[in-house]
1. In the range 128-156, how many residues are buried (at least 17 other Cβ atoms within 10 Å of the Cβ), away from the ligand (no atom under 16 Å from the Cβ) and more than 14 Å from residue 59 (Cα to Cα)?
2. Somewhere in the range 67-78, is a residue assigned to a helix (DSSP H, G or I) and modelled with pLDDT of 95 or more?
3. Mind counting the residues in the range 157-167 that are of a type outside the set (D, E, K, R), touching a residue at least 40 places away in the same chain (Cβ under 8 Å) and either more than 16 Å from the ligand (Cβ to nearest atom) or buried (at least 18 other Cβ atoms within 10 Å of the Cβ) (or both)?
4. Condition check: surrounded by 11 or more Cβ atoms within 10 Å (Cβ to Cβ), in contact with a Lys or Arg (Cβ under 8 Å, 6 or more places away or on another chain) and under 29 Å from residue 154 (Cβ atoms). Does residue 80 satisfy that?
5. Any residue in the range 138-154 that's more than 19 Å from residue 50 (Cα to Cα): show its pairings with residues that are surrounded by fewer than 18 Cβ atoms within 10 Å (Cβ to Cβ) and aliphatic (A, V, I, L, M) at Cβ separation under 6 Å, as long as the two are six or more apart or on different chains.
6. Which one of the conditions (1) without any contact (Cβ under 8 Å) to a residue 24 or more places away in the chain; (2) surrounded by fewer than 16 Cβ atoms within 10 Å (Cβ to Cβ) does residue 116 fail to meet, given that it meets all the rest?
7. For residue 87, indicate whether it is under 16 Å from residue 50 (Cβ atoms), within 16 Å of the ligand (Cβ to nearest atom) and not small (Gly, Ala, Ser).
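The values are calculated or read from the model by the stated rules, or taken from the named source; none is laboratory data. Computed from a predicted structure; not experimentally measured. Please note: Cβ atoms are built from the backbone with ideal geometry, for glycine as well, and neighbour counts cover all protein chains shown.
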Amino acid sequence: MSFPKNIKVRRSGIDTKQRAAKAASDEVGRRERQHQENQEIAGILNGLLNSWCDSDPGKNRDVYFFLDPTLRQRVVVREFLPEDAKVYRTQREWNEYSRTRSWHGANYDGVPYWYPIVNLDAVGKGECSKCKSAQPAVEHYVQTYNSPEGDEWLKEFFVLCRDCNSKTIFKSETSDSRF
Ligand SMILES: [Zn+2]
């Protein structure tokens with residue numbers, strides 16, 4: 001192998017290699033970001049499927065809920081429920097079930113009566129910042145910090161767009177206790 005004698009040729013060879021290396025590392029970065037975004041969206045969708053079964057939402061894991069059109073009430077979406085899912089429609093049904101629960105931290109085996117069950121097209125929406133279309137709004141709630149000196153809870157609202165695979169945060173608040 002011989003080295004290029006001409007300095008210009010040599011330099012342009014180095015530039016080409018550097019450009020290629022940069023393009024490759026950009027591509028790796030892009031894929032990593034894409035992978036992280038996909039992971040995050042998958043986590044959100046998973047939470048939307050089963051956060052209703054959490055007996056202390058947000059205490060031990062991130063929970064995600066669809067909302068009613070006022071964006072104040074958490075709802076459960078019918079299309080996200082398994083067909084054979086148990087649903088407690090009244091407080092009385094719920095009380096009966098409550099008595100049979102082994103310990104208060106156990107997951108609920110059915111949808112509690114306080115979550116209205118609605119169709120996906122009836123959930124509260126907001127505008128996706130990328131495609132500007134109206135997409136479902138989601139509440140994210142979790143205890144982000146737990147210590148004797150103080151706790152921190154996060155409540156975040158965002159628009160989830162499956163077309164763009166993105167979330168548009170439109171409100172984010174923290175508190176030192178459940179809120
Ligand atoms: Zn979008």
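1. Looking only at that region, the number is 2.
2. Scanning the range 67-78 turns up at least one residue that is assigned to a helix (DSSP H, G or I) and modelled with pLDDT of 95 or more.
3. The total comes to 3.
4. For residue 80, the condition - surrounded by 11 or more Cβ atoms within 10 Å (Cβ to Cβ), in contact with a Lys or Arg (Cβ under 8 Å, 6 or more places away or on another chain) and under 29 Å from residue 154 (Cβ atoms) - is not met.
5. Pairs found: 144/154.
6. Exception for residue 116: condition (1).
7. Taking the combined requirement at face value, the residue does not satisfy it.
Yes or no, residue by residue, for (1) loosely packed, with under 11 Cβ neighbours inside 10 Å; (2) in contact (Cβ under 8 Å) with a residue 40 or more places away in the chain:
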position	(1), (2)
10	no, no
17	yes, no
49	no, no
62	no, yes
70	yes, yes
76	no, yes
